[in-house]
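This report concerns only the one structure given below.
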Amino acid sequence: MLRKFLIALSLLCLPSLAQAADITGTAKVRDGDSVLIGSTRIRLGGIDAPSVDQLCLNTKTERWTCGVAARDELAKFSEGKTWVCHARSIDRRGRTVARCEVGGEDIQKWLVRNGWALAYVRLSKDYQADEAAAREAKAGMWQGAFIAPWDWRVRNKKTAILGATKPPEGARAVLLASASGPVAPSPDCTIKGNVNTAGECIYHTKTSRWYTQIKMNISKGTRWFCSVEEAEAAGCRETKR
């Protein structure tokens, strides 16, 4: 009984996320909505940005790597600036979900208003007005055609195509594909994902036995991932050998 009382007392003494110290420092940008500050993995709350291997169409209906662009624009904007992140919760992959300021500016607001992310209204309506402004200005992804990041990750074939450019026939299949090819889209994105004969998505790191034997080909369902967390979020499991 005493032991249970002491455990309960210790839990009450732990600071809540709301009372936790802000996370500050310069950030390593992993993609358009996740960064690393020190050893803390941070997911920018209230928004959803394209994964680095997501494809969009530009104003000429040509494919372009909008996910890479979102990551690079965030990295360029925040380079050398101090981040201040206010923790809100911990997601199921152990990342700190936070609202962050970069140089005093709400970075989620900046991403959505510039068309590099969407307001994730399932969890927050804070950035709806900024998304409307980006759509009106045809900023970032809105200049062409694209699929919402949350639909792209699950390959939702019934989802709407967004953007200002009228998509050509068959555009949905193009937009649901990934930027996978023989070469990784970025030096930081070298985890390979493939689909086995049972229809399971399996991911392989460079230390995996079959890594070098997997040939990256969009038509065969392969894709690159930038982190184990991203691979698992896409429904993939690690290879057993």
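For the reader, a short list of remarks on this structure follows.
- Cα pair distances of segment 189-241 binned at 10 Å [whole percent]: 27, 65, 8
- Cα convex hull volume per residue for segment 128-241 (Å³): 129 Å³
- Based on the reciprocal of the average 1/r between different C-alpha atoms, the Kirkwood radius for segment 65-153 equals 13.9 Å.
- P(r) tail, the chain: Cα-Cα pairs separated by more than 30 Å, 31% of all pairs.
- Ranking ASP126, ASP53 by solvent-accessible area of protein heavy atoms (1.4 Å probe, all protein chains present), from largest to smallest, gives ASP126, ASP53.
- Within the accessible area of the chain (1.4 Å probe), percent carbon and sulfur: 52 percent
- The chain: relative contact order in percent, alpha carbon pairs under 8 Å with at least 6 residues between: 17 percent
- Of the residues LEU74, LEU162, the one with the largest accessible area comes first in the ranking LEU162, LEU74, computed with a 1.4 Å probe on protein heavy atoms.
- Taking each DSSP H run with n ≥ 4 as -39500 (n - 2.57) and averaging over every residue of the chain yields -6500 deg cm²/dmol at 222 nm.
- Coupling constants for segment 210-217 follow from the phi torsions by the Karplus curve (6.51 cos²θ - 1.76 cosθ + 1.60, θ = phi - 60°), and in residue order they are 9, 3, 6, 8, 7, 9, 7, 8 Hz; glycine and proline get x.
- Listed peptides 106-118, 87-99, 25-37 appear in the order 106-118, 25-37, 87-99 once ranked by packing, highest mean of other Cβ atoms within 10 Å at the front.
- Distance violations [Cα-Cα > 26 Å] among LYS60/LYS158; LYS28/LYS240; LYS109/LYS138; LYS157/LYS192; LYS158/LYS215: LYS28/LYS240; LYS158/LYS215
- Cβ-based charge dipole, segment 52-147, positive-most Cα from TYR120, CYS66, ILE107: TYR120
The values are calculated or read from the model by the stated rules, or taken from the named source; none is laboratory data. Note that this is a predicted model, so its numbers are computed, not measured. Note that we place each Cβ from the backbone using ideal geometry, even for glycine, and neighbour counts take in every protein chain shown. Please note that ligands, DNA and RNA were not included when accessible areas were found on the heavy atoms of the full protein model with its side chains. Shrake-Rupley method; radii C 1.70, N 1.55, O 1.52, S 1.80 Å.
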